[in-house]
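Written out below as structure tokens is the structure these notes cover.
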């Protein structure tokens, strides 16, 4: 079943330096009826003020995908990794057995990100981090796999989950490519395994934005 949750009805938090919208239960926004979809646990729309960010904090047993929509995010972790990921590009951290990291907007303007957390298929393992630029032209009107745990997705950043994250940039306009891709998005199912039921579940997850173009991220 597809359930429509309008963006302006999502849970939200305003910490001054951080303005967030929560697609699922998160932090002070506790919603026991909306804890996630299968192994998709978190989808946050974060807006981070200039020269602020998340100080060092721990994670374990989670696949964390960050899609930068505007500005740039700078990552540093206890493994010694450090990198800057700018708008349109992606970073992935497999927290594994445990890692501490920080994420800051060191830019002079605000940064906007999607942050997506997916539960891994197995717990533990060596933590890893990676980032990758994806040519904007490749996803203009097309779906491009940016992170995946599925065999065959060689060009995507690897995650330790039975999931695939796709991105697209679409031109706004009624009846155009955006409308067709949104219809496709509604039909796109995310398959994830429920270890207690031992069966695949189908869920749809997607975000689109209006403006000069529309950006979307879909899990499949």
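The values are calculated or read from the model by the stated rules, or taken from the named source; none is laboratory data. In this text, all values refer to a predicted model and were calculated from it rather than measured experimentally. So basically every Cβ, Gly included, is an ideal-geometry build from the backbone, and we count neighbours across all protein chains shown.
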Among strands (runs of 3 or more DSSP E) entirely within the stretch 97-169, at least 2 residues that are touching a strand residue (DSSP E or B) at 6+ places or on another chain (Cβ under 6 Å) and closer than 20 Å to residue 37 by Cα occur in 111-118, 144-148
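Under the condition of being free of Cβ contacts under 8 Å to residues at least 60 places away in the same chain and surrounded by 15 or more Cβ atoms within 10 Å (Cβ to Cβ), which residue from the stretch 97-116 is farthest from the chain's Cα centre (by Cα)?
107
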Count - residues of the stretch 33-53 that are over 19 Å from residue 74 (Cβ atoms) and assigned to a strand (DSSP E or B): 6
Please find, among 52, 85, the residue that is under 21 Å from residue 13 (Cβ atoms) and either without any contact (Cβ under 8 Å) to a residue 60 or more places away in the chain or touching a helix residue (DSSP H, G or I) at 6+ places or on another chain (Cβ under 6 Å) (or both). 52
Name the pairs whose Cβ atoms lie under 8 Å apart, with the first residue in the stretch 133-146 and in contact (Cβ under 8 Å) with a residue 60 or more places away in the chain and on the phi < 0 side of the Ramachandran plot, the second assigned to a loop (DSSP other than H, G, I, E, B) and surrounded by 15 or more Cβ atoms within 10 Å (Cβ to Cβ), and 6 or more positions between them or separate chains? 146/134; 146/156
In this structure, is residue 76 farther than 19 Å from residue 45 by Cα, in a loop (DSSP other than H, G, I, E, B) and without any contact (Cβ under 8 Å) to a residue 40 or more places away in the chain? no
Matching option when the condition is at pLDDT 95 or above and within 24 Å of residue 149 (Cα to Cα), among 60, 72, 56: 60
